[in-house]
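Read the structure below first, then the notes.
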Amino acid sequence: MFFCLALAGCFHQDDDDVEQQADEGYEEVGEAGSALVSDYYIPDDGASAPPLAISWVTTIGSTAALSTVSYRVKNTGSTSRTFTLDQRAFGLDDRSLTRRIGDYTLSGGQEMQGAVTLSTIPVKSVSHSTQLAIQATLTHNGEPLTLIGPPAFTHYNSCGDGNPGNVNIPVTDSCAGPFFTNIGPEVVPGSQLPGDMVWKNVIAHELGHDVQRKLNGVPHRTYEFKNGVPCSDPNELDSLCQPDDTSIGSACRCDHVVSANRLHCLQSRETMTAGNAEGFAHFMGARIWNISTQSDCTYNYYKEFMEPGGVVKQPPYKVNCKAATKWRDNYCFSGSRGTEYDWLQFFWNLNTVSANKLPLGDIGAIHLGSCGGNCETLNMGVDWLSLRTAAENHYGGALQPKALYFTNTGDAFGVDETP
């Protein structure tokens, strides 16, 4: 039978041999030996020119703004063509599926347009990225012919932690779920900043969530507030649930963040559990890209950061992950809240500094003790009192060197219950 990539030329295919001409010489496709027939693609050259031209009308755009993508099919010849159209989806987890669009007839030179609804694409792969193409099947010169249009790539966000409908989470964001780590695309439509795929600390941060999940389960957390009170569920869609606690000043909110989600940022005052979880992920990113035995630690943060004077710095923002900043204590103290900034520095120093530093396994065990088991499975959050008590129990008493170091480091870096 004949097989074509629309606008790329046709070639004859039998069961064993496939070969197609490239710019120079011949390019093998599959396990090509010597093809029986190989046509040059010469526009308007009768048999070798594709009888239908398939193209996309919609250009790149955010799936938050796009509900459909439009395609165009044109009869390139002078005689009428009858054909069947399908949408063909290939997931990056190697699943593929073809779904019928319909049967059509175009007279010579005529064209038609149609649209594919993004929410109904047959395959949304586990990677949440899909290659989509429009495929036409017709009889050409007495033989079946399949034409496949140029591929379009769609990236699906799954970073709503089970709630992709959360409008506060852009579709280009990254997240770490219980089974897969999802990294946003390289290009973010409308943004001058590169997408998450090219930020090494974004990737390391999301893997950091997975490390905590393996250690003790990521603690149950929410990033939204209603009238200054944390919403009861991380995925609550109450219209009054909004990012940031509006009862505090802008130094501890994410109003300045425009390149990513505003649910949390380095300096925002969150629940202690959220600060702990995000700070731990930053800490693991810092551990990957720093040498713990050296005297310094730098973490290039990937969202906008507003400095104390109100100046907004664009990413990457260089963070000293070793020196104490005590952002919460200095700008928005609350004994039951925390910032990922402070928790990043706490974990770095707890794990890498001093003769009494705690190995990662002990940090995980202390969290397990705080939650009474796997924090994620039990749907439990953490607070400083339960963590400190768990550390004391783990080491056999409050005055044991490592337990004391845990307590003192919490105070030194602004994650405990005191200013």
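No lab work stands behind these numbers, since they all come straight from the coordinates. Quick caveat: nothing in here was measured; it's all calculated off a predicted structure. With ideal geometry, Cβ positions are generated from the backbone for all residues, glycine too; neighbour counts draw on all protein chains shown.
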At R0 = 35 Å the Cβ-Cβ FRET efficiency linking Q294 and F333, nearest 0.05, sits at 0.65
In this structure, among K303/K357; K318/K357; K200/K303; K226/K326, pairs with alpha-carbon gaps over 21 Å are K303/K357; K318/K357; K226/K326
Counting sequence-distant residues (5 or more places) and residues on other chains, those with an amide H built under 5 Å from that of E186 are M197
Calc'd 3J(HN,Hα), segment 212-225, phi into Karplus 6.51 cos²θ - 1.76 cosθ + 1.60 (θ = phi - 60°), Hz, glycine/Pro = x, comes to 5, 4, 6, 5, 8, x, 5, x, 4, 8, 10, 10, 10, 10
Residues of segment 380-399 with backbone N under 13 Å of the label point set 7 Å from the Cα of S354 along Cα→Cβ are 392, 399
Contour minus Cα-Cα span, L97 to A398, at 0.36 nm per residue, comes to 102.3 nm
So the FRET efficiency between S80 and M197, C-beta based with R0 = 45 Å and rounded to 0.05, is 0.50
Measuring from its Cα centre, segment 175-412 shows a charge dipole (+1 at each Lys and Arg Cβ, -1 at each Asp and Glu Cβ) which, in debye to the nearest 20, is 560 debye
